[in-house]
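Right, one structure below, let's go through it.
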Amino acid sequence: METTKRASNNGGHCGTDADGKIRMSKPFAVGLAVLFVGATVAVGLLVYNFADPVGGGNDDSVLATTMSPSTALPPQLLKDVRLPTHLTPLVYDIRLLPFVEEAENWRIDGYVKVYMSCTSPGRNVTLHLLEIVVDESSIILENVDTGARVPVTDIGYDKARQFMTVNLGEELRPGMQYSLEIGKFDAVLNDKLAGFYRSKYEHQGSISVAINCQI
Ligand SMILES: *[C@@H]1O[C@H](CO)[C@@H](O)[C@H](O)[C@H]1NC(C)=O
C-alpha cells in the first residue's frame, strides 16, 4: 500500500520514506526486472553466438601447447566459456524479487524456467551463473513433449567458466523440447556496478539508495 501511495504522491515511480529507503511502484519494479532479464538474455545470447573460442571447439589445451611461454595466457583465459551446443535456449521465464533494504541483506529471490530444444544427444544442461546460490533441490528437468521428468543425478560447478552443470540420469533426445526449472535461487543486489545492483546517491541532503541494472 505504502508503495503505490508514495509513488503517486510524488508523481514518479520511486519514492524514499523517512528512513531513506527506496519504495518502488510495482509496475516500475516489474519494468526493471524485465529490463534486467532482457539484458541478461541478450548478453547470454551474444556470448553464446559470438564468443571466439581460444584454441577452437571445446579443446582447452591446443593454444597452451602451441604458444611460446612469453605470450602464454593465464590458464583460466584458455577455457572456452561457450556453453555446449546440444541444447538451444528458446524462452526464459525469469522472476526476480529484489529486497531493497539493508535489513534484508540486499537480496534477490529468483525463479527461472528455461525452455530448450535438443539438437544432439547429451546428458547435461549447462548454464552460466555468477554469484548466485541455487537451491539444488528445486531443480526440475522435464521433457516438454511427453511431460516426463528427466532424473537429475548431480550438479557440478566450474567456477572459472561460471558454469553450472545439471547432470542427468538419461540422455536428452534430439528433436525434443525440454524445460529446466530452478524453483529458487538467491543472489545479492551487489554494489559492484554489475548486473542488477545498488548504488547510493544524495537526495535533499540525505543518502538514498538506487537500484540499477545494466543494459
Ligand atoms: C555436457 O554435454 C555436452 C554434450 O554431450 C558435452 O560436450 C559437455 O562436455 C558436457 N559437459 C559436462 C560438464 O559434462
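Can you pull out the residues in region 101-121 that are within 16 Å of the ligand (Cβ to nearest atom) and either surrounded by 15 or more Cβ atoms within 10 Å (Cβ to Cβ) or part of a strand (DSSP E or B) (or both)? If the condition is that a residue be within 16 Å of the ligand (Cβ to nearest atom) and either surrounded by 15 or more Cβ atoms within 10 Å (Cβ to Cβ) or part of a strand (DSSP E or B) (or both), then Val114, Met116, Ser117, Cys118 are the ones that fit. Of the set (1) among the β-branched types (Val, Ile, Thr); (2) touching an Asp or Glu at 6+ places or on another chain (Cβ under 8 Å); (3) surrounded by 14 or more Cβ atoms within 10 Å (Cβ to Cβ), all apply to Val133 but (3).
So which residues in region 152-183 are in a loop (DSSP other than H, G, I, E, B) and near the ligand (Cβ under 10 Å from one of its atoms), if there are any at all?
Arg161 - this is the single residue of region 152-183 that is in a loop (DSSP other than H, G, I, E, B) and near the ligand (Cβ under 10 Å from one of its atoms).
Against the conditions (1) in contact with a Pro (Cβ under 7 Å, 6 or more places away or on another chain); (2) surrounded by 14 or more Cβ atoms within 10 Å (Cβ to Cβ); (3) over 25 Å from Arg95 (Cβ atoms), Arg161 satisfies every one except (1).
Throughout, read-outs are computed from the coordinates displayed, never taken from laboratory work. Please read these numbers as outputs of a predicted model, since none were measured by experiment. Because the Cβ atoms are built from the backbone with ideal geometry, glycine has one as well, and the counts that use them run over all protein chains shown.
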